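The values are calculated or read from the model by the stated rules, or taken from the named source; none is laboratory data. Predicted, not measured: the structure shown is a model, and the values here were computed from it. For neighbour counting, all protein chains shown are included, and Cβ atoms are generated from backbone atoms with ideal geometry for every residue, glycine included. Just so you know, the surface numbers come from the protein's heavy atoms only, side chains and all, with ligands and any DNA or RNA stripped out. Shrake-Rupley method; radii C 1.70, N 1.55, O 1.52, S 1.80 Å.
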Amino acid sequence: MRYLFLSITLFCQTVFSQSQNLPSKRQLDWQKLSYYAFTHFGPNTFTDLEWGHGTETEDIFNPSAIDCEQWVKTFKAAGMQGVIITAKHHDGFCLWPSKYSKHTVRESKWKAGKGDVLRELSNACKKNGMKFGVYLSPWDRNHPDYGTEKYNQVFVDMLTEVLTNYGPIFEVWFDGANGEGPNGKKQVYDFELFNATVRKLQPNAVIFSDVGPDIRWVGNERGFAGETNWATINNQSWYAGKAGIEKQLNEGHENGFAYQPTEIDVSIRPGWFFHEKENEKVKTADQLMDIYLKSVGRNGNLLLNVPPDMRGRIHENDSLVLINFKEKRDEMFGKKIKILAQNILINGKKNILAKALIDGNNSTQFFAKNKANTLEIELNLLKKTETKGIMLREYLNNGQHIKSFEIEGFDGKEWNQITKGTTIGNRRILTWKPLSINKLRIKILDAFDVPRLSELEVY
Ligand code: FUL
């Protein structure tokens with residue numbers, strides 16, 4: 001019996017360590033998403049600061065016409081799939097009436113202390129079929145226990161409230177910033193305990209931090225992932241807040257130790273919080289399109305910050321840009337070129353299994369039986385057709401494998417290279433100036449294991 005137990009344990013350990021660099025079910029589910037909102041809201045919205053001091057009076061938080069449903073409807077109309085709110089930023093102010101703090105909505109004038117932003121926003125999300133996620137900063141410039149061993153438990157208690165009272169949470173976003181608290185001390189964060197709390201209370205939620213465990217920071221706040229971007233990374237000895245690892249976070253490592261795809265967080269405005277003076281500095285739809293191609297189009301999910309204003313509404317300027325950006329995406333990706341399975345050649349031959357590439361389902365895969373690390377897919381467009389881009393998706397259940405590929409077009413006379421790339425991952429989108437061609441060829445030139453694709457789309 002003891003031996004049986006021992007071998008089961010050993011077996012589990014082996015399977016666990018082998019599967020570190022393969023995606024979990026929760027990561028695969030998260031990779032079905034692509035684009036959702038970040039929303040920074042709190043005392044800073046009213047004090048015009050980015051980092052509140054934690055000493056601001058609670059009354060400062062007083063949105064005059066809060067309407068979380070307006071946020072959610074705006075985000076939904078913009079094609080976003082959910083929203084993550086700053087439940088608690090560095091100033092320690094809780095957007096819900098936490099029992100473990102005296103710096104919360106309850107102490108404010110807003111709704112005579114009876115308000116709860118998390119309640120209003122989570123309800124609006126439920127009503128509109130949008131996902132709801134929370135950002136929590138362990139750094140707390142207000143809490144008297146910050147900087148003592150006790151604080152880690154305070155943070156867990158707060159987390160517990162947030163994760164148990166507002167229904168399903170799709171993502172928990174831990175900010176790695178670690179500064180001083182009111183007593184001038186820094187805190188040693190117990191991330192193991194924080195993560196275990198999330199796993200226990202919301203087992204389907206992905207956990208974000210600089211170093212995962214489920215999804216990682218992309219190493220910058222300007223909105224781009226590396227042109228080469230591996231979901232896998234060798235980060236065994238790293239910790240949240242570590243300096244000097246930005247480039248590696250941006251690109252990952254081929255066949256790295258842990259599977260931790262990137263999430264690209266960037267703000268639609270210069271700051272994370274609303275500032276009146278930035279109303280004319282909202283990014284343009286063209287800038288957002290560029291960000292989209294460099295985030296969603298480079299094996300990441302885009303977390304676009306759109307901060308509510310002092311009324312507690314999404315400002316008109318931001319809404320307008322979000323809708324223009326949606327129209328631009330529809331124009332680019334809305335008109336897929338129809339490809340029939342019978343017009344696909346794999347390594348020069350017809351292959352009935354190739355239909356998995358165009359069935360609109362990224363849970364089905366195509367890989368060549370020859371187990372080679374190269375692959376050629378030729379699409380016959382039947383007549384001269386104007387093309388302007390492509391999306392390729394790897395089948396990731398077996399891991400991310402592809403290292404280099406190129407796209408060629410046949411203009412009726414000869415084949416020419418249109419574009420090329422390195423990694424693919426969840427989604428690789430490449431665009432080009434409109435080009436009329438009869439055939440298009442995708443050449444996987446190198447992969448460290450069998451290349452497997454789940455989907456392709458030509459625009
Ligand atoms: C950073 C914070 O310091 C910023 O205020 C912002 O919340 C950004 C998303 O994360 O670490």
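Say the dipole of the stretch 20-173 comes from +1 at the beta carbon of Lys and Arg and -1 at that of Asp and Glu; which of PHE38, GLY115, ASN128 then lies farthest toward its positive end?
ASN128
Give the angle, between 0 and 90 degrees and rounded to the nearest 10, that separates the Cα long axis of helix 2-18 from the longest principal axis of the Cα atoms of the chain.
Long axis of 2-18 versus the principal axis of the chain: about 80 degrees.
Quick one: length gained pulling GLU331 to GLN153 fully straight, 0.36 nm per residue minus the C-alpha distance?
Full-extension gain reported as 59.1 nm.
Among VAL83, TYR151, TRP139, which residue has its Cα furthest toward the positive end of the charge dipole of the stretch 75-172, with +1 on Lys/Arg Cβ and -1 on Asp/Glu Cβ?
Among VAL83, TYR151, TRP139, the one farthest towards the positive end of the dipole of the stretch 75-172 is VAL83.
For the stretch 225-342, what is the percent of antiparallel DSSP beta bridges, rounded to the nearest 5? Walk me through the numbers on the way to the answer.
Numbers: 2 of 8 bridges.
Of all bridge pairs located within the stretch 225-342, approximately 25 percent are antiparallel.
Considering amide H positions built from the backbone, and no H for Pro or chain starts, which residues 5 or more places from GLY256, or on another chain, come under 5 Å of its amide H?
THR232, ILE233
Which listed residue (GLY312, ILE407, GLY256) has the Cα farthest towards the positive end of the charge dipole for the chain, taking +1 on Lys and Arg C-beta and -1 on Asp and Glu C-beta about the Cα centre?
The residue sitting most towards the positive pole is ILE407.
Rolling a 1.4 angstrom probe over the protein heavy atoms, how many square angstrom per residue are accessible across the chain? Don't jump to the answer; show the numbers that get you there.
Values: 19810 Å² over 459 residues.
In whole numbers, the chain has 43 Å² accessible per residue.
Taking LYS349 as the anchor, which lysines have their alpha carbon closer than 19 Å to its alpha carbon, excluding any fewer than eight residues away along the same chain?
Partners found: LYS369, LYS371, LYS439, LYS443.
Using Cα pairs under 8 angstrom and six or more residues apart, how large is the relative contact order of the stretch 292-359, in percent?
Values: 25 pairs, mean separation 9.8, N = 68.
With pairs under 8 Å counted, the relative contact order is 14 percent.
Short version: ³J(HN,Hα) in whole Hz for each residue of the stretch 325-332, in order, from phi by Karplus 6.51 cos²θ - 1.76 cosθ + 1.60 (θ = phi - 60°), x for Gly and Pro, what are they?
These are the phi-based 3J(HN,Hα) values: 5, 4, 4, 4, 5, 4, 5, 6 Hz.
Once amide H atoms are built 1.01 Å from N in the peptide plane, which residues 5 or more positions from LEU49, or in another chain, come under 5 Å H to H?
none
By how many degrees, 0 to 90 and rounded to 10, does the Cα axis of helix 149-164 deviate from the longest principal axis of the chain?
So the helix axis and the longest Cα principal axis differ by about 60 degrees.
I'd like the Karplus ³J(HN,Hα) series for the stretch 218-228: coefficients 6.51, -1.76, 1.60, θ = phi - 60°, whole numbers in Hz, and an x wherever there's a Gly or Pro.
8, x, 8, 10, 9, x, 9, 9, x, 4, 9
Return the percentage of antiparallel bridges among DSSP beta bridges fully within the chain, rounded to the nearest 5 %.
So the antiparallel bridges in the chain amount to around 60 percent.
Shape of the stretch 10-147 from its Cα gyration tensor (a ≥ b ≥ c, root eigenvalues): rounded if a/c is under 1.5, otherwise prolate when a/b > b/c, or oblate? Intermediate results must be reported in sequence, preceding the final value.
Details: a/c = 2.61, a/b = 1.47, b/c = 1.78.
Here the stretch 10-147 falls in the oblate category.
Over what distance in Å are the Cα centres of the stretch 373-403 and the stretch 158-198 separated?
41 Å
How big is the stretch 305-459 in terms of Cα radius of gyration and Dmax, in angstroms?
Here Rg and the maximum Cα pair distance are 18.1, 62 Å.
To two decimal places, what compactness ratio does the stretch 359-426 give when its Cα radius of gyration is scaled by 2.2 N^0.38 Å?
Details: Rg = 13.7 Å, N = 68, 2.2 N^0.38 = 10.9 Å.
Dividing the Cα Rg of the stretch 359-426 by 2.2 N^0.38 Å gives 1.25.
Report, by chain and number, residues whose modeled amide H sits under 5 Å from the one on LYS420, excluding near sequence neighbours (fewer than 5 apart, same chain).
Here the answer is ILE407, since their amide H atoms fall under 5 Å of that of LYS420.
Can you work out the Karplus-derived ³J(HN,Hα) for every residue in the stretch 245-262? Use 6.51 cos²θ - 1.76 cosθ + 1.60 with θ = phi - 60°, whole Hz, and x for glycine or proline.
After applying 6.51 cos²θ - 1.76 cosθ + 1.60, I find 10, 4, 5, 5, 4, 5, 10, x, 10, 4, 6, x, 5, 10, 8, 8, x, 8 Hz.
In Å and whole numbers, how far do the C-alpha atoms of the chain stretch along each principal axis, longest first?
Extents along the principal axes: 73, 66, 39 Å.
For the stretch 306-434, what does the relative contact order come out to in percent, with C-alpha contacts under 8 Å and a separation of six or more?
Worked out over the stretch 306-434, it gives 18 percent.
Do you know the relative contact order of the chain, to the nearest whole percent, from alpha carbon pairs under 8 angstrom that are 6+ apart?
Details: 1047 pairs, mean separation 68.0, N = 459.
Relative contact order for the chain comes out at 15 percent.
If one computes P(r) from the Cα atoms of the stretch 210-338, what percent of pairs lie at distances over 24 Å? Intermediate results must be reported in sequence, preceding the final value.
Working: 3169 of 8256 pairs.
Of all Cα-Cα pairs in the stretch 210-338, 38 percent lie more than 24 Å apart.
Just from its helices, what would the mean residue ellipticity at 222 nm be for the chain, if runs of 4 or more DSSP H residues each count -39500 (n - 2.57) and the sum is divided by every residue, rounded to the nearest 500 deg cm²/dmol?
That comes out to -7500 deg cm²/dmol.
Highest first, please rank the peptides 47-57, 267-277 by the mean number of other Cβ atoms sitting within 10 Å of their residues.
Per-residue mean Cβ counts within 10 Å order the peptides as 267-277, 47-57.
Where the only charges are on Cβ atoms (+1 Lys, Arg; -1 Asp, Glu), what is the dipole of the stretch 124-182 about its Cα centre, to the nearest 20 debye? Walk me through the numbers before you get to the answer.
Numbers: 5 positive and 8 negative charges, 86 e Å.
Charge dipole, the stretch 124-182, about its Cα centre: 420 debye, nearest 20.
If you look at just the Cα atoms of the stretch 290-359, how large are its Rg and its Dmax in Å?
Cα-based Rg and Dmax for the stretch 290-359 come out at 19.2, 62 Å.
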